[in-house]
Amino acid sequence: MADPDRMRVFPSAAAPAGELTVPGDKSVSHRAAMLAALADGTSILGNFLVSEDCLNTLHAVETLGAEVARQGTDVKISGLGGRFRAPLRELDMGNSGTGLRLLAGLLAGHPFVSTLTGDASLRSRPMRRIADPLAQMGCEAELLGENGCAPLRLRGGALRGIWYRLPMASAQVKSCVLLAGLYARGVTTAIEPLPTRDHTEIVLRRMGVPVETDGLRVSVEGSAGEPLALRCVQGIVPGDFSSAAFWIAGAAARPGAELTIRNVGLNPRRTALLDFLKRMGADIAVRPAPEPAEGEHGPWEPAGDIVVRGRALEGTETGGEEIPNLIDELPIVGVLGALAKGRTVIRDAAELRAKESDRIATLARGLTAFGVRVEEQPDGLTIHGGGRIRGGCEADSCGDHRIAMAMAILALFADQPVTIANVACIATSYPGFRDAFAALGGHTEP
Ligand code: S3P
């Protein structure tokens, strides 16, 4: 019988053409679900991402007392008026670092015991980065796994606001601290080393919570343990830029391609791939969506269409401030490096080693399997691109969804079919990936 966790990809010289849409943004869907569950009244979220990760977040907020009704990608959440109920079982966040770390922030403000856990990948990722600031705020935060990993048991309650300088650029850690800060006494300030995605700040403001930003500092004022006052929301989650990235890259590197990806989130803290691709010589145009008519629900954050015309690309470099805004796209950046002529360098990206897999190592191994010359550094990779992409190999995603999808795109450019192992994980973030792949001319088996 065919193994559903392996996928054979056939090379294709066809240039992708036409239009497509991608599912809702994962980061926005997680945050909207958690905060809607705490709001006053009923929130309606359109184009919610119904992938495994976000479904786990919906299950978790149900376990915490919220009512959730779902029809396709429309999700209706009846909020709890500012406070969760004590959970009767562990909260299993599956594969999702965002789910676990953000919910931990909210739970730290609750005077009960809760335990957050996840799959083997999530239970191997660093959690001291959230347990430390939560403990400083006065929450008992115990890591039950080895080496500072989940399960994480929290006994929350009376928190005090803190001034917290993040040791790494991480939107998840920033969000965890700010969400705990909502329940603390006094002001909580997170100071980032570099700007990271600001979806938490945006959704909080939308729900009526003042969030102050001053350069790299973000502050919220806490409720001192009182239930939060959060306005329920209605809105449409924009398409996930990180899912669109696979098609943007696949089309940009294929001369003759002309592809439009519609209704993609264009939050500037997510779209550094477009700047990176332009430096490679890509032809990309962005058409922002018109403002919604009066009475219409607008998108949650800026959105629009991305038009890509394929061309021969040249290697370039990325590092520094660009990295947090490109962080989830670095697997596909590695693939672009293999397809572009010359040298592509990724530096300052040590955080990649703390993702769903050690993405520097899995990417280096994956590209090497295709015959691409790669040098691995502690904080990045150097890729020598433009040569033959050798098929006939097996590339292992190591259970990492973004590596699996990036390898599938590279396999289209190979000279023979390629087997990709461990592809079930794609469902954590992009359930319709295989259908979109087929619509763009990619043939896979089984
Ligand atoms: C995310 C933040 C990033 C990103 C992840 C989603 C978020 O993680 O890689 O996929 O939704 O806040 P870090 O905060 O660990 O960098």
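The values are calculated or read from the model by the stated rules, or taken from the named source; none is laboratory data. Every value quoted in this text rests on a predicted model; they were computed, and no experiment measured them. Cβ placement follows ideal geometry from the backbone for every residue including glycine, while neighbour counts extend to all protein chains displayed. When the accessible area is computed, the model is the full protein with side chains, heavy atoms only, and any ligands, DNA or RNA have been set aside. Shrake-Rupley method; radii C 1.70, N 1.55, O 1.52, S 1.80 Å.
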**Report entry** region 254-284, residues that are at negative phi and either free of Cβ contacts under 8 Å to residues at least 12 places away in the same chain or assigned to a loop (DSSP other than H, G, I, E, B) (or both)
**Finding:** Arg254, Pro255, Ala257, Leu266, Asn267, Pro268, Arg269, Arg270, Thr271, Lys278, Met280, Ala282
Query raised in the report: What number goes with the only condition from (1) in contact with a Cys (Cβ under 9 Å, 6 or more places away or on another chain); (2) crowded, with 23+ Cβ neighbours inside 10 Å; (3) not in a loop (DSSP other than H, G, I, E, B) that Ala361 does not pass?
Result: (2)
Query - Residue check, Ala229 open to solvent by 10 Å² or more (accessible area, probe 1.4 Å), at positive phi and of a type in the set (A, V, I, L, M, F, W, C) - result: no
Query - Residues of region 159-176 classified as in contact with a Lys or Arg (Cβ under 8 Å, 6 or more places away or on another chain), outside any helix (DSSP H, G or I), more than 7 Å from the ligand (Cβ to nearest atom) and open to solvent by less than 30 Å² (accessible area, probe 1.4 Å), total - result: 3
Query raised in the report: Just one of Ala86, Ala15 is open to solvent by 10 Å² or more (accessible area, probe 1.4 Å) and out of contact with any Lys or Arg (no Cβ under 9 Å at 6 or more places or on another chain); which is it?
Result: Ala86
Query raised in the report: Which condition number does Thr73 fail, the rest of (1) in contact with a Pro (Cβ under 8 Å, 6 or more places away or on another chain); (2) among the hydroxyl-bearing types (Ser, Thr, Tyr); (3) without any contact (Cβ under 8 Å) to a residue 40 or more places away in the chain being met?
Result: (3)
Query raised in the report: When you scan region 185-234, how many residues do you find that are farther than 22 Å from Leu326 by Cα and part of a helix (DSSP H, G or I)?
Result: 3
Requested in this report: Tell me, yes or no, whether region 405-424 has at least one residue that is free of Cβ contacts under 8 Å to residues at least 60 places away in the same chain, open to solvent by 30 Å² or more (accessible area, probe 1.4 Å) and either in the same structural domain as Phe246 (by TED's automatic domain parsing) or not in a strand (DSSP E or B) (or both).
Outcome: no
Query - Search result, residues across region 177-194 that are more than 23 Å from Arg83 (Cβ to Cβ) and within 12 Å of the ligand (Cβ to nearest atom) - result: Glu192, Pro193, Leu194
Query raised in the report: Can you tell which of Gly371, Gly366, Gly319, Gly342 is away from the ligand (no atom under 13 Å from the Cβ), under 17 Å from Ser397 (Cα atoms) and surrounded by fewer than 20 Cβ atoms within 10 Å (Cβ to Cβ)?
Result: Gly371
Query raised in the report: So which residues in region 388-399 are free of Cβ contacts under 8 Å to residues at least 40 places away in the same chain, open to solvent by less than 50 Å² (accessible area, probe 1.4 Å) and outside any strand (DSSP E or B)?
Result: Cys393
Report task. State all residues of region 18-40 that are within 16 Å of the ligand (Cβ to nearest atom) and either within 21 Å of Thr271 (Cβ to Cβ) or surrounded by fewer than 24 Cβ atoms within 10 Å (Cβ to Cβ) (or both); if no residue qualifies, say none. Result -> Val22, Pro23, Gly24, Asp25, Lys26, Ser27, Val28, Ser29, His30, Arg31, Ala32
Query raised in the report: For region 41-62, which residues satisfy the criterion of being open to solvent by less than 30 Å² (accessible area, probe 1.4 Å) and more than 18 Å from Leu228 (Cα to Cα)?
Result: Leu45, Gly46, Phe48, Leu49, Ser51, Asp53, Cys54, Thr57, Leu58, Ala60
Requested in this report: Only one of these is modelled with pLDDT of 95 or more and open to solvent by 20 Å² or more (accessible area, probe 1.4 Å): Val264, Val237, Val286. Name it.
Outcome: Val286
